[in-house]
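The values are calculated or read from the model by the stated rules, or taken from the named source; none is laboratory data. Nothing here was measured: the structure is a model prediction, and the numbers come from that model. Methodologically, a virtual Cβ is constructed for each residue, glycine included, from the backbone with ideal geometry; neighbour enumeration extends over all protein chains shown. Please note that ligands, DNA and RNA were not included when accessible areas were found on the heavy atoms of the full protein model with its side chains. Shrake-Rupley method; radii C 1.70, N 1.55, O 1.52, S 1.80 Å.
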Amino acid sequence: FYDYNYVFVCGNGFGKKGNRRDSTLYRFMGCTKANTNGTLQETSVAAWDSSAEKQEDGWLAMKQAMENVPAEIEGTNLLATCQQLDRTLILFTDSDRDDKEKSLTREGIKSLILQNGYILDAIVETAIEKDPDNFALKVSGGGEQNTIFTADGNGGWTSNTRNEHFTKFVDGKKDTPEDYIALVIDTRGMVWNAKSLGHGIEKDPNLLDSFANHFIQHKVDELSRSQATGDPHMTTWKNEHFEYHGQCDLVMLKDPNFADGLGLDVHIRTKIVRYWSYIKSVAIRIGNDILEIEGSADVDDSQAHYWVNYEYQGELESVAGFPVTQKLPSVYKRSYTMNLSSKYHDNQIKIDIFKEFVSVEFVGGEAAFGKTVGLLGEQRTSETLARDHGATVLLDDSSTEFGDEWQVPLPSEPIPLFHEASYNSTHSA
């Protein structure tokens, strides 16, 4: 189970049989646990029906699928039992989207997937450079930066990059690229060629092995990476992955000796929504400079929400001499990159905004971050240390205890990093 205690599988589809909800023929087929040998405890969860009508709304199916996950599956309460919940959504369709649900939009369903903490992988009828050996595509840079994965004939794969918009070399059934490939752009998910899978099953077992082996490896990699992402998934320096759902300020990392004594503090502020939370804002202090960045839930809000030394939209060229650049791929997406190369070659701090969700990533190694401690652990030793710099708090025991340990203790903080005082700290059970 790749270090997971449980793997839960929920099935959804279309068809005339079984538990359909309405005229859309959408069906929820239930949830079950997976066995360590790859089988399911309840096989009916994957009993798809081939007698569906032609109208199948994949966006509606994904929305309903996320809503239908129960609090308890086969006697296991997900929130009470699981300290960490990794959510993945796999769409498998041989058609484009039939818009039975008119209220859904492309950006709306993409945002909904992100808000619920899921990673989407779309297995759709598409052709990548018209070659069935090209079985998967990673789409970044707003669709302009693409990595193509190609079967090598021996159950493995090779990869190459193509820096032009994916629509120039990807063909799909009707509106498949616009309906589904667009949903995985600049996410941790990917698009997979359903035609490659079919060709592998029918004619080429080596291609099938390449597809299956890479799919498994990709799912393992995408669910782990050091950073904190919008629905607060923390990935420590040793690639341990945990969640801490609370409403508080947290010390992501700190090092008083960073950059010859300038010092580095990175705090994140989280906000609870129902039973989960997300990173609302981040504040970075280097030396005497503080940069605070926040997202916005308003899709029509194109403003950059940041504070430089508590001044809203103050002059932002650098922080303590380290250059900061901004990019605005769309009105709901923005990225900030703090370049540390003047002191630490090719090291960066990256902040990505998707609507109200904030993600923070540290690109570099021991030279820049080797003495940092906090929610990401100590970079040099990879240990998850308590504030006393000596005791190790094991995430296997309690990610809640570890998160509580690194809440910002307001009375003892000499310099507040955020321009507004924090709300009272709470964490979800």
Original post:
In the stretch 161-212, what residues are of a type in the set (D, E, K, R) and within 18 Å of D94 (Cβ to Cβ)?
Top reply: D171, K173, K174, D175, E178, D179, K195, E202, K203
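Quick check on D301: is it open to solvent by less than 50 Å² (accessible area, probe 1.4 Å), charged (D, E, K, R) and farther than 28 Å from G403 by Cβ? Even if it seems obvious, please write down each step before you answer.
Details: open to solvent by less than 50 Å² (accessible area, probe 1.4 Å): yes; charged (D, E, K, R): yes; farther than 28 Å from G403 by Cβ: yes.
Yes; evaluated as a whole, the condition is true for this residue.
Going through the stretch 313-352 one residue at a time, which ones are open to solvent by less than 20 Å² (accessible area, probe 1.4 Å) and at pLDDT below 90? Steps first, please.
Within the stretch 313-352, the first condition is being open to solvent by less than 20 Å² (accessible area, probe 1.4 Å), and the residues that meet it are 314, 319, 322, 324, 336, 338, 340, 347, 349, 351.
Listed by number, the list holds a single entry, N347.
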Original post:
In this structure, is I272 closer than 13 Å to H419 by Cα and either more than 19 Å from the chain's Cα centre (by Cα) or in a strand (DSSP E or B) (or both)?
Top reply: no
**OP:** Collect the residues in the stretch 49-102 that are modelled with pLDDT of 90 or more and assigned to a loop (DSSP other than H, G, I, E, B), keeping them in residue-number order.
**Re:** N68, V69, P70, E74, G75
Original post:
So which residues in the stretch 275-295 are in a loop (DSSP other than H, G, I, E, B), open to solvent by 30 Å² or more (accessible area, probe 1.4 Å) and within 26 Å of Q115 (Cβ to Cβ), if there are any at all?
Top reply: Y275
Original post:
Applying the selection to the stretch 1-48, what residues are more than 21 Å from N77 (Cα to Cα), open to solvent by less than 50 Å² (accessible area, probe 1.4 Å) and either at pLDDT 90 or above or not β-branched (V, I, T) (or both)?
Top reply: G13, F14, G15, L25, Y26, R27, A46
Original post:
Among the listed residues D94, D99, D133, which satisfies the condition of being of a type in the set (D, E, K, R) and touching a Phe, Trp or Tyr at 6+ places or on another chain (Cβ under 8 Å)?
Top reply: D99
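When the residues of the stretch 80-103 are filtered to those that are closer than 27 Å to I216 by Cα and over 19 Å from the mean Cα position of the chain (by Cα), which remaining residue is surrounded by the most Cβ atoms within 10 Å (Cβ to Cβ)?
Restricting attention to the stretch 80-103, the residues satisfying the condition of being closer than 27 Å to I216 by Cα are 81-97.
Within this subset, residues satisfying the condition of being over 19 Å from the mean Cα position of the chain (by Cα) are 81, 92-97.
Working: T81: 13, F92: 14, T93: 20, D94: 13, S95: 20, D96: 19, R97: 23.
Taking the candidates together, the pick is R97.
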Subject >> Subset tally (residues that are open to solvent by less than 80 Å² (accessible area, probe 1.4 Å), modelled with pLDDT under 70, part of a helix (DSSP H, G or I) and not small (G, A, S)) for the stretch 397-416 >> reply: 0
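Quick one: is N309 of a type in the set (S, T, N, Q), under 25 Å from S140 (Cα atoms) and surrounded by 14 or more Cβ atoms within 10 Å (Cβ to Cβ)? Let's see the steps before the verdict.
Working: of a type in the set (S, T, N, Q): yes; under 25 Å from S140 (Cα atoms): no; surrounded by 14 or more Cβ atoms within 10 Å (Cβ to Cβ): yes.
No: the conditions fail for N309.
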Original post:
Does L376 satisfy the condition of being in a loop (DSSP other than H, G, I, E, B), open to solvent by less than 60 Å² (accessible area, probe 1.4 Å) and at pLDDT below 60?
Top reply: no
Original post:
Can you name every residue in the stretch 124-169 that is open to solvent by less than 10 Å² (accessible area, probe 1.4 Å) and among the β-branched types (V, I, T)?
Top reply: V124, T126, I128, V139, I148
Original post:
So which residues in the stretch 201-245 are of a type in the set (D, E) and modelled with pLDDT of 65 or more?
Top reply: E202, D204, D209, E240, E243
